[in-house]
Amino acid sequence: MVTTTYQVRGMTCGHCVNAVSAEVGGLTGVEKVQVDLEAGRLTVTSQHPMEIEAVRAAVDEAGYDLVDAGPTSRPRPA
């Protein structure tokens with residue numbers, strides 16, 4: 001498993017959190033999605049490293065912006 005953290009711009013409420021969680025959670029290989037509204041942080045746990053463009057498209061579909069800075073990834077212990 002791989003856990004990757006992204007910055008998301010434009011989220012302001014619980015609806016935002018739900019929208020981003022639903023879109024990103026629907027991507028192939030995603031096991032878990034956590035959204036920290038206050039920090040504007042999206043954490044994705046997946047079977048393999050996610051393609052940033054797939055994550056960007058999902059966040060965009062939800063109506064928000066993935067910040068251009070690259071993701072921070074860390075492998076999860078088995």
Roughly what angle does helix 14-25 make with the longest principal axis of the chain, taking Cα atoms, 0 to 90 degrees, to the nearest 10?
40
In degrees, nearest 10, the alpha-carbon axis of helix 52-62 is tilted away from the dominant principal axis of the alpha carbons of the chain by 30
Within 10 Å, at most 15 other Cβ atoms, and a DSSP state outside H, G, I, E, B define an exposed site. Report the longest part of the chain free of exposed GluC sites (Glu not before Pro).
1-37
Give me D for the chain in µm² s⁻¹, whole number, from Stokes-Einstein with Rh from the Kirkwood sum over alpha-carbon pairs, 25 °C and 0.890 mPa s.
202
Run a plain Debye calculation on segment 5-44 (Cα atoms as equal point scatterers, no solvent) and give log10 I(q)/I(0) at q = 0.20, 0.33 Å⁻¹, rounded to two decimals, same order as the q list.
-0.50, -1.21
Which cross-chain or sequence-distant (5 or more) residues have an amide H under 5 Å from the amide H of Val8, H modelled 1.01 Å from N in plane?
Arg41, Leu42, Val67
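Bear in mind that the values in this text are calculations on the coordinates, not laboratory data. Here the structure is a predicted model, which means the values were calculated and not measured. Please note: Cβ atoms are built from the backbone with ideal geometry, for glycine as well, and neighbour counts cover all protein chains shown.
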